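Input: a single structure, listed below in C-alpha cells.
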Amino acid sequence: MINFLRKLGPGLLFAGSAIGVSHLVQSTKAGASFGFGLFWALIIINIIKFPFFQFGPRYAAATGENLLEGYKKLGKVFLKIYIILSFATMFTIQSAVTIVTAGIASSIFGNSISVEIWTLIILFFCFFILIVGKFHLLDKLMKIIILILSTTTLIVVINAFMNLKYNINWTQVFPSSSSDIIFLIAFMGWMPAPLDVSIWQSIWVVEKQKTTPSFEKKSILRDFNIGYIITILLAIGFLSLGSLIMYGSNTNLSDNGSTFSIQLIEMYTSSIGDWSYFVIGIAALTTMFSTTLTTLDASPRVMNKSIELICNKPIDNGYKYWITILILGTIIVLLFFTSEMGGLVKIATILSFITAPIYALMNYLLICSKYTPVNYRPTIFIHFMSIFGIIFLIVFNIWYISIL
C-alpha cells in the first residue's frame with residue numbers, strides 16, 4: 001500500500017489543479033440554479049476531454065518528454081501558439097483561484113484580516129513551499145490535501161442526502177436564456193479543468209520520473225486515471241450539494257469572493273447543522289488552496305520551458321523569474337477585480353473553453369505522429385473519441401460565438 005501511494009503523484013497534482021473553481025464555484029452554482037438539470041453537461045464534458053488530458057502523461061511515458069517538447073517537434077508555430085495562449089490567460093486564472101481561496105480563508109478565520117491581505121499571505125505561502133520544497137514537497141503535500149478534501153466532501157455530501165426531505169428531480173435541462181447559456185459555457189470551460197492542464201501533467205510526470213525510476217507506463221496511466229476519477233466524483237459531489245441545499249432557495253449568490261464564500265458555508269451549515277461548519281470550511285479551503293498551489297507551480301514551469309525550447313538553451317533560475325512575474329501580475333489584476341470574483345471567473349472559464357479545441361487538436365496530432373512510439377498511440381476507440389471530441393468542441397465554440 002505504501003509503495004502504491006509512493007507511485008502516485010502527477011495524477012493527484014492534476015486533481016489538485018482541477019478541483020477548484022470548476023468544482024467549488026461552478027458546480028455548486030450549477031446545482032443551485034438548475035438542480036441536477038446540468039448533470040448531463042458535467043458527464044459529457046468530462047468524457048469528451050478525457051483523451052486529450054490522457055495524451056499528456058501518455059506522451060511523457062512514451063518518450064520521457066513533456067508535451068511542449070513534442071509541440072516543438074511538430075513545428076515551432078505550435079509552441080508559439082501555446083506561449084501566446086498561456087500568457088494571455090495565466091494571470092486571470094491565477095487571480096481567479098487565489099481570490100476565491102482568500103475569500104474562503106477570510107470567512108473561516110474572521111474578518112480581522114481583509115481578503116486583500118489574505119491574498120498576499122496565500123501567494124507568498126505557496127511561493128515559499130514551491131521555492132524551498134520544490135517538486136518533492138509539492139508531490140507529498142498534494143497526497144495529504146487530496147485525502148483531506150475527499151474525506152470532508154464525502155462527509156458533507158452523505159449528510160446532505162441523509163437530511164433530504166423531498167424526492168430528487170433528475171429531469172435534464174438545456175439553458176434557454178443568454179445568461180444561462182454563458183454560464184453553461186463557463187461551467188464546461190473549466191470542467192474538470194482547462195485543457196492546457198494536460199501540458200502541466202506531462203511536465204509533472206517527467207519530474208516524477210526523475211525521483212521514481214519505477215514510475216513507468218502502467219503506473220503513469222493508472223496514476224492519471226485515479227486522479228481523473230477523483231475529479232469527476234468530487235464534481236458530482238459539489239453539484240449535489242448545490243442542488244440538495246441551495247436549489248429553490250431563491251438565494252442570489254454574490255459575485256464577490258468573500259461574500260460568496262460566506263454564503264456558501266452558511267447555507268451548508270444551516271441545512272446540515274452547525275457541527276458541519278468546520279468540516280465544510282476545511283473542504284472549501286482545501287479545494288481552493290490545492291488549485292492555487294498547483295497553478296502557481298505549473299504556469300511558471302511551462303512558460304520557462306517554452307522559452308527555453310524557443311531559444312534552444314536553458315535559462316538559469318527561469319522558474320523563479322516566472323513565478324515572481326506571475327505573483328506580481330496576479331496582485332496587479334486583483335487590484336482591479338477584487339470585488340468582481342464572478343466576472344473574473346467567468347472570463348477565465350470562457351477563455352478556457354474557447355481555446356480548448358486548439359489544445360485538443362495539438363495533443364491529438366502529437367500523440368498520432370511519428371514522434372510517439374506505435375505501441376503508445378491511441379486505440380481505435382480513443383481515436384474515435386478524440387475526433388468526436390474535437391468536432392464537438394469546435395461546433396460548440398462556433399455556436400457560442402454566434403450568439404454573442
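Only the coordinates and a few stated rules stand behind these numbers; no lab work does. Just so you know, these numbers come straight off a predicted model, no measurement behind them. Don't worry about glycine lacking a Cβ; one is built from the backbone with ideal geometry, like all the others, and counts go over all protein chains shown.
Residue-wise test of (1) crowded, with 16+ Cβ neighbours inside 10 Å; (2) of a type in the set (S, T, N, Q); (3) in a helix (DSSP H, G or I).
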site	(1), (2), (3)
L296	yes, no, yes
E308	no, no, yes
P314	no, no, no
L326	yes, no, yes
T330	yes, yes, yes
L334	yes, no, yes
Which of the helices (runs of 4 or more DSSP H) contained wholly in the stretch 1-112 include at least 1 residues that are over 24 Å from I390 (Cα atoms) and charged (D, E, K, R)?
2-7, 28-34
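Being over 19 Å from K305 (Cβ atoms), surrounded by fewer than 24 Cβ atoms within 10 Å (Cβ to Cβ) and of a type outside the set (V, I, T) narrows it down to one residue among S86, S106; which is it? Spell out how you get there, then give the answer.
Values: S86 fails: over 19 Å from K305 (Cβ atoms).
Answer to the check: S106.
When you look at K76, is it in contact with a helix residue (DSSP H, G or I) (Cβ under 9 Å, 6 or more places away or on another chain), surrounded by fewer than 16 Cβ atoms within 10 Å (Cβ to Cβ) and of a type outside the set (V, I, T), yes or no? I'd like the intermediate steps shown before the answer.
Values: in contact with a helix residue (DSSP H, G or I) (Cβ under 9 Å, 6 or more places away or on another chain): yes; surrounded by fewer than 16 Cβ atoms within 10 Å (Cβ to Cβ): yes; of a type outside the set (V, I, T): yes.
Spelling it out, K76 is indeed in contact with a helix residue (DSSP H, G or I) (Cβ under 9 Å, 6 or more places away or on another chain), surrounded by fewer than 16 Cβ atoms within 10 Å (Cβ to Cβ) and of a type outside the set (V, I, T).
Go through the residues of the stretch 197-219 one by one and say whether even a single one is in contact with a helix residue (DSSP H, G or I) (Cβ under 8 Å, 6 or more places away or on another chain), charged (D, E, K, R) and closer than 20 Å to T287 by Cα. Spell out how you get there, then give the answer.
Keep residues of the stretch 197-219 that are in contact with a helix residue (DSSP H, G or I) (Cβ under 8 Å, 6 or more places away or on another chain), which gives 197-209, 211-212, 214-217, 219.
Pick out the ones that are also charged (D, E, K, R) and you get 207-208, 216-217.
Those left that are additionally closer than 20 Å to T287 by Cα: none.
No, the conditions are met nowhere in the stretch 197-219.
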